[in-house]
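Note sheet for the following structure.
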Amino acid sequence: MKQQNSSALLALTSAALALPGMSGKADAAAPASEPVLSYHASHYREADIERKDHLGGSRERYEIDTHQLGLAAPLSRATDIKLDLMVESMCGASPWYVQPGAGGKPVQAMSGASIKEERYDIQGRLNQFVSSDTVLSYMAGYSDEDDYEAVNIGFEFEHTIPARQLTLSAGIGYSDDELEPTQGTTPVSVLKAEKDNLTLFAGLGLVVDARTAVQTSLSVSDQQGFLSDPYKLVYIASQNNPLYADSRPDDRRQWVWLTRFRHFVPAANAAFHADYRYFDDDWDIESHTLELGWYQNIGPTWRIDTSLRWYSQTAAFFYAPYFLSQRADGYASSDYRLSPYGALGLRVKAVKKLGPWQLSAEFETYSAKAGYSLDDVDVENPGLVEFNTFTLGFDRVF
Amino acid sequence: MGGPCELKLYGADSQSLQRAANAAMTEVKRLETKYSRYREDSLVSRINQQAGHAAVSVDAETAALLNYADTAFTQSEGLFDITSGVLRRVWDFKSGQLPNESAVADCRRLIGWQRVLWDGERCGLPDAGMEIDFGGFGKEYAADRAAAVCREQGIAYGLVELGGDIHVIGPHPDGSPWQIGLRHPRRPEEPIDRVSVSQGGLASSGDYERFMIVEGVRYCHLLNPKTGWPVTESPAQVSVLAPLCLVAGTGATVAMLKAQSSRQWLESLELPYVSIASDGRVTRAL
Amino acid sequence: MRIWIVLLAGLLVSACSITKVEPWDRQYLSRPEMAWDPDSTTAAYRAHVYFSKEASSGGTGAGGGGCGCN
């Protein structure tokens, strides 16, 4: 678009845009105009643990069915609300402890009996449109499962400077969790424990041109309390009774830097997404997440989204597949989620608009392997996970 | 709206298309009713009925439209004047007869936006007999609003046409622009030129919309509010492209009213345009 | 390390020379597939899955609760 220097044009255009409903919804921040109800059903299944990594217990891992019900609706002239309910039922076995196998290669012992659990999570968000440039958001949520209960609250602030096409955002969130591990066939390390989490974030969003937007944000989180896994054990070779409870520090500070890039390619009628997240915490875990996506429109009603996700993390300082002797600080964990590894994920989603409905079908496959990691990994944790998840979505505008 | 109205929309299915079309037509009818000169209960009529008596409070939409009219008045150096509708009383293009000078002079006394009391909330006409009317930009505004309503309903490809004033919501779904024909000023059945539009407004103003020929001279409906007489030596037709049809319409109308200075006005506006002189010469600045 | 990140972020954002986008030119930016999260339900589900299966979490705001996911 050529540079406009005409003062007459500027005067007429400004006067025209001052007309209500002329500048279009896309520009000013405004509450949702009509209610949208959505239902998504997902089936998640982890691959069986491989024989070479398996010590005992079930070879089958987790299978999770999730139902998500969401409502986004205008509440008043300047507010709208979002309610999200998630109900999950999980069954299967999970990693229990790792011990040295043949030749010192670590092997994974799985929990035996089938775990069966249900989890409910409800999150609410109220957006207050103080002006066409400023939005305040108030969040609250509650989740409950057999052994875990959590309450969370949050506040976010967003302000746009139209002249700079810049959006500033900041927020604070607090979560208070209580766990009462289920005493099953596997002993638990604690009867009742608590932890809480405080998160602060600040971000900047920029509209670069008519087809490009970029956002970068920094967040810091502080967790305090019981952060260990009450169901997991570690193997300490030097001890007579080699199995000890998973024991982690009682605080953890995490830093996250997230940058997101969106670019529309009119010639292809598609949008390109690039997201990079850098994570660093005081447990010595550092990770990179890179996700590239291509959102292809086909005609006026179809869209196919494809994305590739690469993840790489380093190990926690108190992690080892198994221990030769106790650590001086008393910490120890063999949880694969604290081990060094990388993961690749591929996701494909098809979206179809049908009148007031939006139907979607999504498939994602994910595989964690030491070889996908950025750094060389000496010993791969035998419990690394592979999963597939399939989701059907039904969204309706009223 | 005084002309054929057409909606050409692409949508997901006939139900959502019907919803969008209904919403758009409802919006056009709403504006027609609200700003109609012919309905006694319309806002415009109420203001006109109070001419010489009192100022009338107006709502946000009308206030913004009056501000727009005020801006157009200033930018056109007084040629775009929404009080000039009173000249309708003396100019009858069906009669084939010119009005007499004193009748026109009497009318001119009732013209002058600069004399209208407008403080952003209340609008008052100082002399009885004065009138405001939105005919000079109502259709273009309605086209923009109908397009906005369609967009809100999720329509991304299509166009709205209200009697020659067009707002293109988006190109054809394959990305190709709409090819819009500009009618020939003297031969209405043939297009004289074609314009490619992917998005935005296209408005035209011509000396052929309402006119009469008296003793070989063409007198058209575009009346100069300062003289009370039709403009002479203006192009036969001007078409302007702008993101909003409202602005395109003002650009085209003022270009016609500026007559010999129309080229300078159009250049200063920096908008793409097509200007056709009465001898048929086409100037394309797209 | 952290200071570098903050500075780099600030630099990245300020280095982008922007082109003015008129309100009527926002048809691409307002498309659903151009949103930070084209589908918030999907985004919430995926974030939940990765939180349970990886050591890293967060980045997209201050909200969300915890879970005892192992």
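The values are calculated or read from the model by the stated rules, or taken from the named source; none is laboratory data. Keep in mind it's a predicted model, so treat the numbers as computed, not measured. Cβ atoms come from the backbone with ideal geometry, glycine included; neighbour counts cover every protein chain shown.
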Review point. Are any of the residues in segment A:314-324 at the interface with another protein chain (Cβ under 7 Å from one of its Cβ atoms) and not in a loop (DSSP other than H, G, I, E, B)?
Key: no
**Study point:** Residues of segment B:149-179 that turn out to be outside any loop (DSSP other than H, G, I, E, B), within 11 Å of another protein chain (Cβ to nearest Cβ) and surrounded by fewer than 18 Cβ atoms within 10 Å (Cβ to Cβ), as a count
**Key:** 1
Check your understanding: Mind checking whether some residue in segment B:51-70 is modelled with pLDDT of 90 or more, within 14 Å of another protein chain (Cβ to nearest Cβ) and not in a helix (DSSP H, G or I)?
Key -> no
Exercise for review: Give just the number: which of (1) within 14 Å of chain A (Cβ to nearest Cβ); (2) in contact with a Phe, Trp or Tyr (Cβ under 9 Å, 6 or more places away or on another chain); (3) closer than 22 Å to A:GLY21 by Cα does B:LEU79 not satisfy?
Suggested key: (3)
Study note, to complete from the structure: Flagged in segment A:303-332 as under 23 Å from the mean Cα position of the chain (by Cα) and of a type in the set (Gly, Ala, Ser), in numbering order, are A:SER307, A:SER312, A:ALA315, A:ALA316
Review point. Which of the residues that make up segment A:339-385 are charged (D, E, K, R) and either modelled with pLDDT under 95 or surrounded by fewer than 21 Cβ atoms within 10 Å (Cβ to Cβ) (or both)?
Key: A:ARG347, A:LYS352, A:LYS353, A:LYS369, A:ASP375, A:ASP376, A:ASP378, A:GLU380
Revision key, fill the gap. When restricted to B:SER234, B:SER239, the only residue more than 14 Å from chain C (Cβ to nearest Cβ) and not in a loop (DSSP other than H, G, I, E, B) is B:SER239
Point to revise | Search result, residues across segment A:382-398 that are within 15 Å of C:THR41 (Cα to Cα) and among the acidic types (Asp, Glu) | key: A:ASP395
Practice item. All but one of (1) within 10 Å of chain C (Cβ to nearest Cβ); (2) in a strand (DSSP E or B) hold for A:LEU344, so report the exception by its number. Key: (1)
**Study point:** Qualifying residues in segment A:355-381 (those that are closer than 19 Å to C:THR41 by Cα and of a type in the set (A, V, I, L, M, F, W, C)) - the one nearest to the chain's Cα centre (by Cα)
**Key:** A:PHE363
Review point. Which residues, counting only those in segment A:189-201, are under 11 Å from A:ASP147 (Cα atoms) and outside any strand (DSSP E or B)?
Key: A:LEU191, A:LYS192
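Rundown of residues vs (1) in contact with a Pro (Cβ under 9 Å, 6 or more places away or on another chain); (2) within 30 Å of C:PRO32 (Cβ to Cβ); (3) at pLDDT 95 or above, yes/no style:
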| residue | (1), (2), (3) |
| --- | --- |
| A:ASP246 | yes, no, no |
| A:PHE264 | no, yes, no |
| A:TRP283 | yes, no, yes |
| A:GLY299 | yes, yes, no |
| A:TRP310 | no, yes, yes |
| A:ALA315 | yes, no, yes |
Check your understanding: Do we have B:TRP118 as touching a residue at least 12 places away in the same chain (Cβ under 8 Å), out of contact with any Phe, Trp or Tyr (no Cβ under 9 Å at 6 or more places or on another chain) and aromatic (Phe, Trp, Tyr) here?
Key -> yes
Revision key, fill the gap. The correct count of residues that are modelled with pLDDT of 90 or more and not β-branched (Val, Ile, Thr) in segment A:110-128 is 10
Exercise for review: For segment A:326-338, state whether one or more residues are buried (at least 20 other Cβ atoms within 10 Å of the Cβ), touching a helix residue (DSSP H, G or I) at 6+ places or on another chain (Cβ under 7 Å) and not in a strand (DSSP E or B).
Suggested key: yes
Review point. On the given criteria, is B:ASP81 outside any helix (DSSP H, G or I) and surrounded by 15 or more Cβ atoms within 10 Å (Cβ to Cβ)?
Key: yes
Practice item. Mind listing whichever residues of segment A:339-398 are basic (Lys, Arg) and over 22 Å from A:PRO106 (Cβ atoms)? Key: A:ARG347, A:LYS349, A:LYS352, A:LYS353, A:ARG396
Review point. When you go through A:SER58, A:SER42 one by one, which is the residue that is surrounded by 15 or more Cβ atoms within 10 Å (Cβ to Cβ), among the hydroxyl-bearing types (Ser, Thr, Tyr) and within 14 Å of chain C (Cβ to nearest Cβ)?
Key: A:SER42
Review point. Got a sec? Which strands (runs of 3 or more DSSP E) wholly within segment A:202-267 have at least 1 residues that are at the interface with another protein chain (Cβ under 10 Å from one of its Cβ atoms) and free of Cβ contacts under 8 Å to residues at least 40 places away in the same chain?
Key: A:212-225, A:251-265
Review point. Are any of the residues in segment B:195-204 within 24 Å of B:THR83 (Cβ to Cβ) and out of contact with any Lys or Arg (no Cβ under 9 Å at 6 or more places or on another chain)?
Key: no
Check your understanding: Does any residue of segment A:101-111 turn out to be more than 10 Å from chain C (Cβ to nearest Cβ), under 19 Å from A:SER228 (Cα atoms), in contact (Cβ under 8 Å) with a residue 60 or more places away in the chain and buried (at least 16 other Cβ atoms within 10 Å of the Cβ)?
Key -> yes
Check your understanding: Quick check, is A:HIS288 in a strand (DSSP E or B) and surrounded by fewer than 18 Cβ atoms within 10 Å (Cβ to Cβ)?
Key -> yes
Check your understanding: Looking at (1) part of a loop (DSSP other than H, G, I, E, B); (2) in contact with a helix residue (DSSP H, G or I) (Cβ under 8 Å, 6 or more places away or on another chain), which is the one condition that is false for B:ALA248?
Key -> (1)
